[in-house]
Amino acid sequence: MMDSYAEEQQQRRPNRSCLWGCLGSMAAVAIVLTAVFCYSAWYFYKGFSSDARIKTVIATLSHDAQAAEVLGENIKVMEIELSTFNYSADTDQGKRSGNARYVLKVAGSRGSGEVKADLDVSGHEPKITLMILTDREGRTYYLIGTPPPNPMLQNSI
């Protein structure tokens, strides 16, 4: 009896299929998360060059005289800090509306700065409704749109 019990214990080896199944699942999840992270990082740093709305912002910025004084020529997007997009479709009237907001780090031949742009994307072509350029020293230039009223002058007599 001892011999058959010992033989049975030797034939029973630990089953490692659970271990390999868990490791395989963890590896698959890690690969998917890495792919999502890499694509997001690529888009936010370099993939935005094909975005039509950002192209509109840069084209407008490149043709603005005040932006040319601050940034110089050959203005390029260095980084996207913020990108939001809101879209709604009114099915009753067949109209669609949407807006996009970008905060971009830009640089040109003279310097760098930050551009905040609001776009109306209701039509076929995006239309910029507000564009604010802030240079490295913190000076703000309203390129499109009106600056907010000065609170110091509102309550003065």
- Filter the stretch 98-117 down to the residues that are crowded, with 18+ Cβ neighbours inside 10 Å and touching a Gly at 6+ places or on another chain (Cβ under 9 Å), then identify the one that is nearest to GLY72 (Cα to Cα). GLY108
- Item | Output for the stretch 66-83, where each listed residue is in a helix (DSSP H, G or I) and within 15 Å of SER109 (Cβ to Cβ) | ALA67, ALA68, GLU69, VAL70, LEU71
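Only one of TYR87, TYR5 is at pLDDT below 85, in the same structural domain as MET131 (by TED's automatic domain parsing) and either assigned to a strand (DSSP E or B) or not acidic (Asp, Glu) (or both); which?
On the way: TYR5 fails: in the same structural domain as MET131 (by TED's automatic domain parsing).
Exactly one residue qualifies, and that residue is TYR87.
Go through the residues of the stretch 56-78 one by one and say whether even a single one is in the same structural domain as THR146 (by TED's automatic domain parsing), at pLDDT below 85 and touching a strand residue (DSSP E or B) at 6+ places or on another chain (Cβ under 7 Å).
Initially, the stretch 56-78 is screened for residues in the same structural domain as THR146 (by TED's automatic domain parsing), giving 56-78.
Now restrict to residues that are at pLDDT below 85: none.
No, the stretch 56-78 has no match at all.
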- Message: Only one of ILE80, ILE144, ILE132 is of a type in the set (A, V, I, L, M, F, W, C) and under 26 Å from TRP42 (Cβ atoms). Can you tell me which?
- Response: ILE80
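The values are calculated or read from the model by the stated rules, or taken from the named source; none is laboratory data. In this text the structure is predicted, and so the values were computed from the model without any measurement. Cβ sites come from the backbone with ideal geometry, for glycine too, and all protein chains shown count toward neighbours.
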